[in-house]
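Undergrad: The structure is given below, and queries will be raised subsequently.
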Amino acid sequence: MLICHKDTPLNIREDVIAQELANAGWLVTVSNHIQDAGEAIRIYRDKDVVEKGFLRMKHSLGLGRLRVHTQQAMESKVFVGFIALILSSHIHRIMLEKGLYKTMTMKDLIKTMEKLRTQVIDGRRILFPLTKRQKEIFKAFDVQPPEFEKR
């Protein structure tokens, strides 16, 4: 037992520490070109971000198998996939920075924003009132919510 501030006893749970250490991992990298360990880890992590981006593109965006018949269709589908990947990466970054993952997943965010509705009546576009959650999302992304007209 250790004594910390103001003689308050501090109990160290050796069993919890042992469990954490048992599950801790090692990262081993081998390179013929990079001498500095910090630089090697930075390059590895950058590469990992790219690989996870392609994985996200394949699974989340449905680009695992292209199922196209022409070169142009394939290039178009991959181009749209990259644009979608850029947008989803930006959404992910904002959600991390603003702490949105504490209350929702990216899928929840997208479903919430899909519920935005407008209606055109007598040539006027009417936006249905925003929910509290939609307002929070607009604020997190630093986007001014659209105004809505009352019916």
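Undergrad: So if R0 is 41 Å, what FRET efficiency would Tyr44 and Glu147 give, r being the distance between their Cβ atoms, rounded to the nearest 0.05? All intermediate terms of the calculation are to be shown ahead of the outcome.
TA: Numbers: r = 48 Å, r/R0 = 1.16.
My answer for the efficiency is 0.30.
Undergrad: To the nearest 500 deg cm²/dmol, what mean residue ellipticity at 222 nm is calculated for the chain from DSSP H runs of n ≥ 4 alone, each contributing -39,500 (n - 2.57), summed and divided by the residues?
TA: One gets -17500 deg cm²/dmol as the mean residue ellipticity at 222 nm.
Undergrad: With unit charges on the beta carbon (Lys/Arg positive, Asp/Glu negative), name the residue among Ala40, Gly25, Met74 whose Cα is farthest towards the positive pole of the charge dipole of the chain.
TA: Checked the options; the winner is Met74.
Undergrad: Straight-line reach only, C-alpha to C-alpha below 19 angstrom: list the aspartates and glutamates that Lys98 could link to, leaving out same-chain residues fewer than 8 apart.
TA: The qualifying aspartates and glutamates are Asp108, Glu136, Asp142.
Undergrad: For the pair Val68 and Ala22, what calculated FRET efficiency results from E = 1/(1 + (r/R0)^6), where r is the Cβ-Cβ distance and R0 = 41 Å, to the nearest 0.05? Please report the intermediate quantities before stating the final value.
TA: Values: r = 48 Å, r/R0 = 1.18.
E(calc), rounded to 0.05, equals 0.25.
Undergrad: What is the dipole size for the chain, taken about its Cα centre, with +1 at each Lys and Arg Cβ and -1 at each Asp and Glu Cβ, in debye to the nearest 20?
TA: Working: 26 positive and 18 negative charges, 218 e Å.
For this selection, approximately 1040 debye.
Undergrad: Quick check: pseudo-label points 7 Å beyond the Cα along Cα→Cβ at Val30 and Leu130, how many nm apart are they?
TA: Computed distance between label sites Val30 and Leu130 equals 5.5 nm.
Undergrad: Quick one: plug the Kirkwood hydrodynamic radius of the chain (C-alpha pairs) into Stokes-Einstein at 37 °C, 0.692 mPa s, and report D in µm²/s.
TA: Working: Rh = 21.1 Å.
Rounded to a whole number, D works out at 156 µm²/s.
Undergrad: Continuing with the same structure: Which FRET efficiency value, to the nearest 0.05, do you get for Lys52 and Val80 by plugging their Cβ-Cβ distance into 1/(1 + (r/R0)^6) with R0 = 22 Å?
TA: Values: r = 20 Å, r/R0 = 0.89.
FRET efficiency, Lys52 to Val80: 0.65.
Undergrad: Kyte-Doolittle cut-off 0.0, length cut-off 15 Å along the helix's own axis using Cα: show which whole DSSP H helices in the chain pass.
TA: Values: long enough: 37-59 (32 Å, -0.65); 71-98 (40 Å, 0.55).
Helix filter hits for the chain: 71-98.
Every number here is computed from the coordinates shown, using simple stated rules; none is lab data. Predicted, not measured: the structure shown is a model, and the values here were computed from it. Cβ sites come from the backbone with ideal geometry, for glycine too, and all protein chains shown count toward neighbours.
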